[in-house]
Amino acid sequence: MSAAGDGAVVVNGTRRRLVPGTTVAGLVAEVCPSPRGVAVAVGGEVVPRSAWDRTPVPPGAEVEIVTAAAGG
Amino acid sequence: MAAETPADPLVVAGTALSSRVLLGTGGMTSPDSLRRALVASGAALATVAVRRVDPTTRHSLVELIEGLGVGVLPNTAGCSTAAEAVLTARLAREAFDTAWVKLEVIGDDRTLLPDPLELVAAAEQLVADGFVVLPYCGDDPVVARRLEQVGCAAVMPLGAPIGTGLGIRNPHNIELIVEQAGVPVVLDAGIGTASDACVAMELGCDAVLVASAVTRAEDPEGMAGAMRDAVAAGRAARLAGRITRRFHAEASSPAAGRIGR
């Protein structure tokens, strides 16, 4: 699953190439129609929304971007 | 939370809820169906699962729920270890801005029964992390007590496995849990129809969480209303105090003054 050292990351289980320096906020904007009700974990650690703008997504990172789904 | 709080509110972690019905949203076929069921149930809280974003989904489940004045209760459904459940809860707190979580840690794929060891471990970590933890647990009174001891804000024993609609298989265990509990007891899972919800309340549960029984009913809105009424009736009956069960009959009409005697 781990992305090779080519700058790519794995977002929700799928390999994805990012422009170097892309932040969590930038990635969320690429992936989600709206950032509301969304949370992000990078490498198994939650990145608080307040830190999205200043947190770059490191090369090779495994990123989970989640939201609500009907359930339970 | 809905604006109106009844005279006999359910209080969880110091918060008075507007209803003793919690509605699970899993299995609902459309946003409109969910909206009508939520209104008909009068639910105070609605559970949601935490899943990877689907970029093609346009409607917001959370906006729908909160727009009705209903609180969002994220769950950790699908987790099978404490570590997964803790991360899922932390993501949910960040996504939905709530520290409340329905903690689910499943130990078996066929029965979806909770794993008590992972569950207690996860509960302990989440309580330490400031969460209001509402654990979905088996109907084992000892596990329920352990969950309360580690600081859970409620315990949510199953009546029967998730989605089975088998009702309350071990009512005596539910009564034992109720009898010892110092936190609210929410009957979670197994409810098939309104009478099951009513029995849960008559046994002394403080609330009922229903999902499949409503969402997979032929008429979810109709069943949601039935659940609301059943929970209210069961609560009223519990407070009114039922009669003692007797082996033989006891006439309600006077024995004296019968003709021909």
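The values are calculated or read from the model by the stated rules, or taken from the named source; none is laboratory data. None of the values given here were measured: they were computed from a predicted structure. Cβ atoms come from the backbone with ideal geometry, glycine included; neighbour counts cover every protein chain shown.
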The strands (runs of 3 or more DSSP E) lying entirely within segment A:14-54 that contain at least 2 residues which are within 12 Å of chain B (Cβ to nearest Cβ) and under 24 Å from B:S60 (Cα atoms) are A:39-42, A:45-47
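Table: residues versus (1) surrounded by 24 or more Cβ atoms within 10 Å (Cβ to Cβ); (2) within 29 Å of B:G234 (Cα to Cα); (3) out of contact with any strand residue (DSSP E or B) (no Cβ under 7 Å at 6 or more places or on another chain).
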residue	(1), (2), (3)
B:S18	no, yes, yes
B:G24	yes, yes, no
B:L73	yes, yes, no
B:R93	no, no, yes
B:F96	yes, no, no
B:D108	no, no, yes
When segment B:35-60 is checked residue by residue, the ones that are facing chain A (nearest Cβ under 7 Å) and at pLDDT 90 or above are B:T47, B:V48, B:A49, B:V50, B:R51, B:R52, B:V53
Residue hits (segment B:194-226; out of contact with any Lys or Arg (no Cβ under 7 Å at 6 or more places or on another chain), closer than 24 Å to B:P74 by Cα and either of a type in the set (S, T, Y) or surrounded by fewer than 20 Cβ atoms within 10 Å (Cβ to Cβ) (or both)) are B:S212, B:T215, B:R216, B:G225
Does B:D115 meet the test of being acidic (D, E) and away from chain A (no Cβ under 11 Å)? yes
Among strands (runs of 3 or more DSSP E) entirely inside segment B:1-115, those with 1 or more residues being of a type in the set (V, I, T) and closer than 19 Å to B:C137 by Cα are B:10-12, B:21-24, B:45-52, B:100-103
Matching residues in segment B:198-231 (small (G, A, S), part of a helix (DSSP H, G or I) and touching a residue at least 40 places away in the same chain (Cβ under 8 Å)) number 6
Note: among B:A99, B:A123, B:A154, B:A128, just one is touching a Phe, Trp or Tyr at 6+ places or on another chain (Cβ under 6 Å) and at pLDDT 95 or above, namely B:A99
**Asked** If you check B:R146 against the conditions, is it among the basic types (K, R), modelled with pLDDT of 95 or more and within 28 Å of B:D32 (Cβ to Cβ)?
**Response** no
Picking from B:A95, B:A99, B:A123, B:A128, the residue that is out of contact with any Pro (no Cβ under 7 Å at 6 or more places or on another chain), more than 14 Å from chain A (Cβ to nearest Cβ) and among the hydrophobic types (A, V, I, L, M, F, W, C) would be B:A128
Residue under question is A:A51, and the condition is that it be more than 15 Å from B:V53 (Cα to Cα), in contact (Cβ under 8 Å) with a residue 12 or more places away in the chain and surrounded by 13 or more Cβ atoms within 10 Å (Cβ to Cβ); does it hold? yes
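Would you check if B:V86 is at pLDDT below 95, surrounded by 19 or more Cβ atoms within 10 Å (Cβ to Cβ) and at negative phi?
Values: at pLDDT below 95: no; surrounded by 19 or more Cβ atoms within 10 Å (Cβ to Cβ): yes; at negative phi: yes.
When the stated conditions are applied, B:V86 does not pass them.
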